[in-house]
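Student: Mind looking over this structure? Questions follow.
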Amino acid sequence: MPTNSATAVASANIAFIKYWGVRDPEYTLPYNGSISMNLDSCLTTTTVAFDPSFAEDAVLLTLYDQPQQPAAGRPLERIVRHLDRMRAMAGIAWPAHVESTNTFPSDAGIASSAAAFAALTMAGSAALGLSLDERQLSRLARQSGSGSACRSIPTGYVEWRVPDAPFAAELWDEESYAVSLAPPQHWALADIVAVVDAGAKKIGSAENHRLAATSAYFPTRLAELPTRLEATRAAIMRRDLEQLGEAMEADAVSMHAICMTSRPASFYWSGATLDVIHAVRAWRAAGLAAYFTIDAGPNVHVICAAPDRAEVARRLATLPGVQFVIANGVGRGAQVL
Ligand code: DP6
């Protein structure tokens with residue numbers, strides 16, 4: 001393989017505390033910090049090659065169970081913009097060929113763009129010979145426009161903090177990146193994704209990140225977050241599933257309440273989403289320690305301890321609205337292969 005080519009793998013992540021609301025879309029700067037866990041079964045593998053003999057950038061995507069197809073439209077624009085950013089850093093103008101494969105349905109609330117842009121960042125920067133540390137890679141992944149991609153660079157349990165300094169886009173841009181709170185082996189949790197709709201979500205996160213601040217409840221959400229972030233950090237450190245679950249469910253409901261009260265409002269949940277929520281709460285009342293969270297789509301992520309993984313997956317798969325489940329352990333950080 002020529003040295004101007006590299007392959008990287010990155011996992012999707014599920015946010016326990018959500019990034020919701022963009023403070024500066026140009027730099028992808030959030031209002032609040034967020035905390036997530038990498039997902040070891042939801043992977044994107046990407047190869048990037050730069051070569052002066054290529055006529056133009058070309059991107060081939062193999063999304064889950066679909067045949068390989070060239071990227072076009074908005075996804076292609078986002079990828080080319082990110083390649084341009086990396087080329088500018090390296091001072092190289094060569095066109096690129098990109099090939100990317102996903103092991104899970106994209107655009108259904110399973111942070112597919114996080115895995116995609118984390119893998120593209122790792123492979124692209126390695127192919128260009130940029131020697132970046134984890135912090136710089138995370139920052140670069142964030143700048144792709146998929147903010148949550150910055151959390152797929154470090155390993156295991158990850159936090160993307162907001163800088164301490166008062167808001168100023170250029171200053172925050174330097175200081176806005178994710179760090180690992182604990183490696184995967186620190187705590188064997190599982191995330192069983194109950195897929196109730198594997199189709200594309202109708203409203204992209206980008207648009208709704210901009211609308212978040214139009215909700216009258218957004219200031220309340222932001223005021224609650226420091227306490228919830230601290231509770232989540234502490235729960236991870238102490239391996240306290242009950243405390244993590246309480247904070248995580250409250251945060252998912254809060255994020256979706258912001259969507260439902262933004263102007264214009266949007267609703268990601270379907271009837272099947274609510275059925276899964278009710279089932280998880282009933283199982284918990286009967287002694288099974290499982291907690292839900294939901295990203296920008298209708299599918300439900302159910303978090304439990306690893307020994308309960310098979311039982312939670314079995315029960316979720318029997319619910320009428322659930323098409324299939326994807327069981328994950330805690331994933332590693334993005335890696336060049
Ligand atoms: C609900 O803009 O990072 O998943 O829409 O996948 O590009 P994409 O992601 P991003 O928004 C993530 C929103 C979220 C919450 C989270 O992951 O923190």
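Student: Name the pairs whose Cβ atoms lie under 6 Å apart, with the first residue in the range 108-134 and at pLDDT 95 or above, the second open to solvent by 30 Å² or more (accessible area, probe 1.4 Å) and part of a helix (DSSP H, G or I), and 6 or more positions between them or separate chains?
Tutor: L128/A90; L130/M89; L130/A90
Student: Within the range 47-64, how many residues are among the polar types (S, T, N, Q) and in contact (Cβ under 8 Å) with a residue 24 or more places away in the chain?
Tutor: Matching residues across the range 47-64 total 2.
Student: Among the residues of the range 23-45, which ones are open to solvent by 10 Å² or more (accessible area, probe 1.4 Å) and hydroxyl-bearing (S, T, Y)?
Tutor: Once the filter is applied, which keeps residues that are open to solvent by 10 Å² or more (accessible area, probe 1.4 Å) and hydroxyl-bearing (S, T, Y), the range 23-45 yields Y27, Y31, S41, T45.
Student: Which numbered condition in (1) assigned to a helix (DSSP H, G or I); (2) within 29 Å of R139 (Cα to Cα); (3) of a type in the set (D, E) is the only one that D308 fails?
Tutor: That leaves (2) as the condition not met.
Student: Could you please find all residues in the range 7-22 being away from the ligand (no atom under 16 Å from the Cβ) and either open to solvent by 10 Å² or more (accessible area, probe 1.4 Å) or under 14 Å from the mean Cα position of the chain (by Cα) (or both)?
Tutor: Within the range 7-22, T7, V9 meet the criteria.
Student: Another question, then. Could you count how many residues in the range 228-245 are out of contact with any strand residue (DSSP E or B) (no Cβ under 8 Å at 6 or more places or on another chain), open to solvent by 60 Å² or more (accessible area, probe 1.4 Å) and more than 11 Å from I17 (Cβ to Cβ)?
Tutor: Result for the range 228-245: 3.
Student: Also: Say whether the condition of being in contact (Cβ under 8 Å) with a residue 40 or more places away in the chain, assigned to a helix (DSSP H, G or I), open to solvent by less than 70 Å² (accessible area, probe 1.4 Å) and under 15 Å from A115 (Cβ atoms) is met by at least one residue in the range 69-81.
Tutor: Yes - at least one qualifying residue is present in the range 69-81.
Student: Any chance you could count how many residues in the range 145-162 are crowded, with 24+ Cβ neighbours inside 10 Å and either within 9 Å of the ligand (Cβ to nearest atom) or part of a helix (DSSP H, G or I) (or both)?
Tutor: Of the residues in the range 145-162, 8 are crowded, with 24+ Cβ neighbours inside 10 Å and either within 9 Å of the ligand (Cβ to nearest atom) or part of a helix (DSSP H, G or I) (or both).
Student: Report whether or not E170 is open to solvent by 40 Å² or more (accessible area, probe 1.4 Å) and outside any loop (DSSP other than H, G, I, E, B).
Tutor: Yes.
Student: In the set T47, T28, which member is more than 16 Å from the ligand (Cβ to nearest atom), of a type in the set (S, T, N, Q) and either more than 30 Å from E246 (Cα to Cα) or in contact with a helix residue (DSSP H, G or I) (Cβ under 8 Å, 6 or more places away or on another chain) (or both)? I'd like the intermediate steps shown before the answer.
Tutor: On the way: T28 fails: more than 16 Å from the ligand (Cβ to nearest atom).
Selected residue: T47, the only one of T47, T28 that is more than 16 Å from the ligand (Cβ to nearest atom), of a type in the set (S, T, N, Q) and either more than 30 Å from E246 (Cα to Cα) or in contact with a helix residue (DSSP H, G or I) (Cβ under 8 Å, 6 or more places away or on another chain) (or both).
Student: What single numbered condition from (1) within 16 Å of the ligand (Cβ to nearest atom); (2) open to solvent by less than 20 Å² (accessible area, probe 1.4 Å) fails to hold for I203?
Tutor: I203 satisfies every listed condition except (2).
Student: Examine the range 56-65 for a residue that is more than 23 Å from Y268 (Cβ to Cβ), away from the ligand (no atom under 16 Å from the Cβ) and hydroxyl-bearing (S, T, Y), and state whether such a residue exists.
Tutor: yes
Student: Moving on. Could you tell me which of the residues A279, A290 is hydrophobic (A, V, I, L, M, F, W, C), under 30 Å from F218 (Cα atoms) and open to solvent by less than 10 Å² (accessible area, probe 1.4 Å)?
Tutor: Result: A290 is the single residue among A279, A290 that is hydrophobic (A, V, I, L, M, F, W, C), under 30 Å from F218 (Cα atoms) and open to solvent by less than 10 Å² (accessible area, probe 1.4 Å).
Student: (1) assigned to a helix (DSSP H, G or I); (2) in contact with a Pro (Cβ under 8 Å, 6 or more places away or on another chain): which one isn't true of S180, the others all being true?
Tutor: (1)
Student: Now for a separate question. Collect the residues in the range 258-283 that are assigned to a helix (DSSP H, G or I) and in contact with a helix residue (DSSP H, G or I) (Cβ under 8 Å, 6 or more places away or on another chain), keeping them in residue-number order.
Tutor: Matches in the range 258-283: I258, C259, V276, A279, W283.
The values are calculated or read from the model by the stated rules, or taken from the named source; none is laboratory data. Keep in mind the model is a prediction, meaning the values are calculated, not measured. Cβ sites come from the backbone with ideal geometry, for glycine too, and all protein chains shown count toward neighbours. The protein model used for the area step is the full one, side chains on, heavy atoms only, and it has no ligands, DNA or RNA in it. Shrake-Rupley method; radii C 1.70, N 1.55, O 1.52, S 1.80 Å.
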